[in-house]
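We did not get these values from a lab; they are worked out from the coordinates using the rules stated. In this text the structure is predicted, and so the values were computed from the model without any measurement. All Cβ positions, even for glycine, are placed from backbone atoms using ideal geometry, and neighbour counts span all protein chains on display.
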Amino acid sequence: MVYQHNPMFNLILFGPPGSGKGTQSENIIAAYGLQHLSTGNLLRSEIAGQTILGLKAKSFMDQGQLVPDEVVIGMVDNFMNAHPEAKGFLFDGFPRTTAQCIALDALLKNKSNEINVVLALEVSEEELVKRLLGRGLTSGRSDDTNENIIRARIQEYNDKTTAVATYYAQFNKVVSVKGEGTVESIYADLKAEIDTRI
Ligand code: B4P
């Protein structure tokens, strides 16, 4: 008998801090039944659990810096292995560096799968700062309350994370979506892009 492999649908929701990745992920996973993998959420739950990984990550996150690649990649590998039933993953906030892209491609290749599309949310820097300071009023997130830390996060994005779009552009996988407007109108644009590919 020939082994039939069911391909997954794997989507990266890409964009700067505060561009709405977490917000839009909720709509997408509800509609398409993808497994949500948010490295930000996983790291925050490690911090809340006061694990060794969490303690290590906290010092970077509180400064607005990226957590080291090997920490994040190991955590993603564990999460994917813990969800063998997934019909696809929505990667939210991952990958954030070229090294993370290469590691993710290898993890997916091991499962005879790949990234299908990278949806990139485009939002101006002033709007990002406004949103994150706004969230900081209620979120309790230490990285949202200080404008200098927020600007450091945006700087990390410009220095290290924009390379992720360059990496996937070489495979023609990147689609830009305007990330300003109502949550509903942005979701409609994202949905249209997913529906032509899923
Ligand atoms: P993340 O948790 O990934 O979060 P984020 O970049 O802050 O935000 P996101 O884009 O999801 O914004 P959201 O929808 O919530 O990262 C936090 C930190 O973790 C990083 O700085 C880093 O240190 C570390 N980390 C995470 N992953 C890593 C990795 N792979 N490698 C290394 N380090 C890693 O929206 C923000 C706000 O905007 C909300 O208040 C929301 O209500 C509002 N909003 C959303 N859409 C809107 C709209 N259309 N109009 C107006 N407001 C809107």
Quiz item: Fully extended, how many nm does the chain gain between residue 59 and residue 81 (0.36 nm per residue separation, minus their Cα-Cα distance)?
Solution: 5.2 nm
Self-check item: Cα-Cα separations in the chain greater than 28 Å, expressed as whole percent
Solution: 23 percent
Self-check item: Long-range amide H partners of residue 38 with built H, under 5 Å
Solution: 92
Exercise. Give me the lysines in straight-line cross-link reach of residue 58: C-alpha distance below 29 Å, same-chain residues under 8 apart excluded.
Key: 21, 130, 160
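Let me spell out the model: positive unit charges on the Cβ of Lys and Arg, negative unit charges on the Cβ of Asp and Glu, origin at the Cα centre of the chain. What dipole size does that give, in debye rounded to 20?
On the way: 19 positive and 24 negative charges, 51 e Å.
Roughly 240 debye for the chain.
Quick one: which of 9-17, 189-197 comes out on top by average Cβ neighbours within 10 Å, and what's the full order, highest first? Let's see the in-between values first.
On the way: 9-17: 24.1, 189-197: 14.3.
Result, highest mean Cβ count within 10 Å first: 9-17, 189-197.
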Quiz prompt | Among 94, 31, 119 - extreme Cα towards positive end, dipole of segment 1-142, charges at beta-carbon | solution = 31
Quiz item: What does a probe at residue 198 reach in segment 71-99, counting residues whose amide N is under 17 Å from the point 7 Å along Cα→Cβ?
Solution: 86-92
Quiz item: Would you list 56, 109 from fewest to most Cβ contacts within 10 Å?
Solution: 109, 56
Quiz item: So, in nm, how far is label residue 32 from label residue 45 when the simple model puts each one 7 Å beyond its Cα toward the Cβ?
Solution: 2.1 nm
